[in-house]
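K.L.:
Let me give you the structure first, and then I'll get to my questions.
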Amino acid sequence: MTAHNDKRKSEDKRPPGVLMDAGDIARALKRVAHEIAERNRGIENVVLIGIPRHGVPLAERIAGHLAHIEEQDVPVGALDVALYRDDYSKRLVAPQQTKIEFSVGGKIVVIVDDVLFTGRTVRAALDALNDHGRPAMVQLAVLVDRGHRELPIRADFVGKNLPTARDEEVTVSLSELDSEDIVRIEKG
Amino acid sequence: MKKLQRKHILGLRDMGAGEIELVLDTAARFKEILARPVKKVPTLRGRSVITLFFENSTRTRTSFELAAKIMSAEAINIAVAQSSAAKGESLKDTLLTLDALTADCVIIRHPNAGAPEIASRYLKGQIINAGDGFHEHPSQGLLDMLTIRENKGQIEGLNITIVGDLLHSRVARSNLYGLTTMGAKVTLCGPDTLLPQEFAGRARLETDCDKAVADADVVMMLRLQQERMDGVYLPGVREYSALYGLNARRLAKAKPDAIVMHPGPMNRGVEIADDIADGAQSVILPQVTNGVAVRMALLYLLLGGDED
């Protein structure tokens, strides 16, 4: 853990506790968009589905980059996973609106979320997606991968890999939902 | 997220605006599930929800059962006529038995006001009142409020007129409590014999239906029950229909964009004319759909875990 912290310090000219600023987030999303286009050799059959709340604006931003890179629009949807979580009996989560106005059947679905942590949200998203159809392939894009997986799940596209301690808290703020673009870490 | 500040849903009288909004917001989001090809989410897997109805009901019971099944709970209906209650089992023993059968939630309709409250003493799980005597029918009040909010954007400040047998209506009571809590201006209208003065503090009371409907944003008609149609309360059906039935002429006095509601089942031609029930201003069928969403929300909020 000390090693992680040292590494963070050495590469960081940012204020303490700030992992990514607005410029870092913008560059990471642009690269992720390029990687999505590269991996799928274009975006012909690709759709983006964000997990509310922060995954949705991230998906929209990536779609914006893809439209620029490939000169083609990518459909964007929102998939709420609250009702598919395995910890419902322990923790009540407010359901958000699911909005998928296209068929996911036969598509390459890229699930977009802000932070990949235990993997349980993604597990729930895979179940939820199943109820909307059978995609040809499902990929995962996240802004931050902070480790500590509890399930065999990995991301295909990662904005930034961040070694963290389990009790630390990573929070993503986006201008669409919050006041600014910033990723912060706090001691748990 | 916040939980409801209560274990049971017995009525809307003591439910605050924040709690009502929580139920309506949750229900509004659940409507999306009803529009899906696969109407099922795994959320309440492994929970048992029992409907215990001591009175006849089609839509309320079906609506609760459907809500439970969409949320993947085990929904079991107890037909009271074929149950031990028909053999003289007391409400207390019925509930103790359901508790021993590990029921997580019992939805109860009973001819006596207060029966759900009594039932709640004997069950470790949750009770939802699906109508008790002339007392309350909270899930109906909530689905009506969801329908109003969907159509009007908000409830606060609306003129809402409820017409019919206010004395015997649990639907009217739940609506009156909920709507006034949310800031609506409620007018209750019916013949003197069916218009209790106890409501005067919360609502405007009016025996002239034309005056009551004038300038209304929402006109809610109540079912006139067969047993009240003749005798003590009313001279007869035709007179009631002429004085209190909703027809095109009377509805024209309301705001042009007023919506017409009815909790069903309707007596067409008695409290509501055919062309109004099926007309462009009617939201009677959307009320039924919203009933499923509201009941899903109630089950979700009651059977869930701790606050986030």
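The values are calculated or read from the model by the stated rules, or taken from the named source; none is laboratory data. All of these numbers come straight from a predicted model, not from anything done at the bench. Every residue, glycine as well, gets a Cβ built from its backbone with ideal geometry; the counts of neighbours run over all protein chains shown.
K.L.:
Return yes or no: is B:TYR240 over 30 Å from A:PRO95 (Cβ atoms), aromatic (Phe, Trp, Tyr) and touching a residue at least 12 places away in the same chain (Cβ under 8 Å)?
P.N.:
yes
K.L.:
So, one more: Can you go through B:LEU302, B:LEU224 and tell me which one is within 18 Å of the chain's Cα centre (by Cα), within 14 Å of another protein chain (Cβ to nearest Cβ) and of a type outside the set (Val, Ile, Thr)?
P.N.:
Of B:LEU302, B:LEU224, the one residue that is within 18 Å of the chain's Cα centre (by Cα), within 14 Å of another protein chain (Cβ to nearest Cβ) and of a type outside the set (Val, Ile, Thr) is B:LEU302.
K.L.:
Quick test of your reading of the structure: B:PRO265 fulfils all but one of (1) in contact with a Ser or Thr (Cβ under 9 Å, 6 or more places away or on another chain); (2) modelled with pLDDT of 95 or more; (3) not aliphatic (A, V, I, L, M). Name the failing condition by number.
P.N.:
(2) is the only condition that B:PRO265 fails.
K.L.:
If only one of B:ARG295, B:ARG238 is in a helix (DSSP H, G or I), more than 14 Å from chain A (Cβ to nearest Cβ) and surrounded by 17 or more Cβ atoms within 10 Å (Cβ to Cβ), which one is it?
P.N.:
Step by step, each of B:ARG295, B:ARG238 is checked, and only B:ARG295 is in a helix (DSSP H, G or I), more than 14 Å from chain A (Cβ to nearest Cβ) and surrounded by 17 or more Cβ atoms within 10 Å (Cβ to Cβ).
K.L.:
Here's something else I'd like to know. Could you tell me whether A:PRO163 is more than 15 Å from A:GLY55 (Cβ to Cβ), assigned to a loop (DSSP other than H, G, I, E, B) and modelled with pLDDT under 95?
P.N.:
Answer is yes for this residue.
K.L.:
Just give me the residues in region B:203-222 being loosely packed, with under 14 Cβ neighbours inside 10 Å and more than 12 Å from B:ALA254 (Cα to Cα), in sequence order.
P.N.:
Scanning region B:203-222 gives a single hit, B:ASP208.
K.L.:
Is at least one residue of region B:257-265 more than 28 Å from B:THR289 (Cα to Cα) and out of contact with any Leu (no Cβ under 8 Å at 6 or more places or on another chain)?
P.N.:
So far as region B:257-265 goes, no, none of its residues is more than 28 Å from B:THR289 (Cα to Cα) and out of contact with any Leu (no Cβ under 8 Å at 6 or more places or on another chain).
K.L.:
Looking at region A:139-150, can you tell me whether even one residue there is under 24 Å from B:ARG36 (Cβ atoms), in contact (Cβ under 8 Å) with a residue 12 or more places away in the chain and of a type outside the set (Val, Ile, Thr)?
P.N.:
Looking through region A:139-150, at least one residue is under 24 Å from B:ARG36 (Cβ atoms), in contact (Cβ under 8 Å) with a residue 12 or more places away in the chain and of a type outside the set (Val, Ile, Thr).
K.L.:
Right, next: May I ask you to list the residues in region B:6-32 that are more than 9 Å from every other protein chain (Cβ to nearest Cβ) and either more than 23 Å from B:ALA184 (Cα to Cα) or of a type in the set (Ser, Thr, Tyr) (or both)?
P.N.:
Those that are more than 9 Å from every other protein chain (Cβ to nearest Cβ) and either more than 23 Å from B:ALA184 (Cα to Cα) or of a type in the set (Ser, Thr, Tyr) (or both): B:ARG6, B:LYS7, B:HIS8, B:LYS31.
K.L.:
Which of the residues spanning region A:83-97 are without any contact (Cβ under 8 Å) to a residue 40 or more places away in the chain and within 18 Å of B:VAL294 (Cα to Cα)?
P.N.:
A:LEU92, A:VAL93, A:ALA94, A:PRO95
K.L.:
Given the conditions (1) modelled with pLDDT of 95 or more; (2) buried (at least 20 other Cβ atoms within 10 Å of the Cβ); (3) out of contact with any strand residue (DSSP E or B) (no Cβ under 8 Å at 6 or more places or on another chain), report the number of the one that A:TYR88 does not fulfil.
P.N.:
(1)
K.L.:
Of all residues being free of Cβ contacts under 8 Å to residues at least 24 places away in the same chain and outside any helix (DSSP H, G or I) in region B:180-202, which is surrounded by the fewest Cβ atoms within 10 Å (Cβ to Cβ)? Just the residue, please.
P.N.:
The residue in question is B:GLY201.
K.L.:
For region A:121-160, which positions are surrounded by fewer than 20 Cβ atoms within 10 Å (Cβ to Cβ), outside any loop (DSSP other than H, G, I, E, B) and more than 14 Å from every other protein chain (Cβ to nearest Cβ)?
P.N.:
A:MET137, A:VAL138, A:GLN139, A:VAL158, A:LYS160 - these are the residues of region A:121-160 that are surrounded by fewer than 20 Cβ atoms within 10 Å (Cβ to Cβ), outside any loop (DSSP other than H, G, I, E, B) and more than 14 Å from every other protein chain (Cβ to nearest Cβ).
K.L.:
Can you name every residue in region B:130-161 that is crowded, with 20+ Cβ neighbours inside 10 Å and of a type in the set (S, T, N, Q)?
P.N.:
Correct list: B:SER139, B:GLN140, B:THR147, B:ASN159, B:THR161.
K.L.:
Looking at region A:39-96 only, could you name the residues that are within 14 Å of chain B (Cβ to nearest Cβ), among the hydrophobic types (A, V, I, L, M, F, W, C) and closer than 12 Å to A:THR121 by Cβ?
P.N.:
A:LEU79, A:VAL81, A:ALA82, A:VAL93
K.L.:
Can you report the number of residues in region A:26-55 which are in contact (Cβ under 8 Å) with a residue 60 or more places away in the chain, out of contact with any Phe, Trp or Tyr (no Cβ under 9 Å at 6 or more places or on another chain) and closer than 30 Å to A:LEU92 by Cα?
P.N.:
6
K.L.:
Here are some residues: B:THR94, B:THR60. Which one is assigned to a helix (DSSP H, G or I), away from chain A (no Cβ under 14 Å) and touching a His at 6+ places or on another chain (Cβ under 9 Å)?
P.N.:
Unique residue meeting the criteria: B:THR60.
K.L.:
Another question, if that's okay. Of the residues in region B:204-228, how many are free of Cβ contacts under 8 Å to residues at least 40 places away in the same chain and of a type in the set (A, V, I, L, M)?
P.N.:
Here the count works out to 1.
K.L.:
Could you tell me whether region B:33-52 includes any residue that is more than 14 Å from every other protein chain (Cβ to nearest Cβ), under 16 Å from the mean Cα position of the chain (by Cα) and surrounded by fewer than 20 Cβ atoms within 10 Å (Cβ to Cβ)?
P.N.:
no
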